[in-house]
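The values are calculated or read from the model by the stated rules, or taken from the named source; none is laboratory data. The structure displayed is predicted, hence computed values, not measured ones. Note that we place each Cβ from the backbone using ideal geometry, even for glycine, and neighbour counts take in every protein chain shown.
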Amino acid sequence: MLSAVRHLTSDARVDARGFLRKTLACGEQRAASVLAEARSQNLSERTLRRAFRDLGGHARKAGFGAGAAWMWRLPSEAKPDPPAPTIGTQPFASLPGHRLDPCQLCHRIRDVALVEVAPKTAIDLCQECYETGKAAAWAGSTGS
């Protein structure tokens, strides 16, 4: 269950980065406006702030007193999405430990193999999860 949550979190952050790139493409915007637009698109504030940090966003306070507002902008060249781990490059049939068991990502009982998704971290994956990149997304979201 936790792996499914991590996968969804990763997708949400990718969506948030895309939203920020699009919204801030024309330059600096009021943070309150960006957050309100994100809420209307079902993006959480916390995920948006994490995505803003991932992209190397800059925040500054404009003005003084009651009329002050936080402004957000992205650097002139935003950081690209981090590269996916190199999981899924080896043919599935050549992986060790094949057996009929539940896949640790999709939880369906299938032919699974033991796949190293990070140093000293291996999980049982079916061929579909291995080849479609779900394992790479899961490994990336765990901070590996």
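Quick check on my filter: what residues within region 22-53 are farther than 17 Å from Ala12 by Cα and either surrounded by 11 or more Cβ atoms within 10 Å (Cβ to Cβ) or in contact with a helix residue (DSSP H, G or I) (Cβ under 8 Å, 6 or more places away or on another chain) (or both)?
Leu24, Glu28, Gln29, Arg30, Ala31, Ala32, Ser33
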Open item on the list: Looking at region 100-126 only, could you name the residues that are in a strand (DSSP E or B), exposed (fewer than 13 other Cβ atoms within 10 Å of the Cβ) and in contact with a strand residue (DSSP E or B) (Cβ under 9 Å, 6 or more places away or on another chain)?
Closed with: Leu100, Ile109
Task: Matching option when the condition is at pLDDT 85 or above, at positive phi and surrounded by 10 or more Cβ atoms within 10 Å (Cβ to Cβ), among Gly97, Gly56 - done: Gly56
- [ ] Return yes or no: is Leu35 at pLDDT 90 or above and in a helix (DSSP H, G or I)?
- [x] yes
Open item on the list: Condition first: modelled with pLDDT under 70, under 18 Å from Glu131 (Cβ atoms) and surrounded by 10 or more Cβ atoms within 10 Å (Cβ to Cβ). Can you find one or more residues in region 62-81 that meet it?
Closed with: no
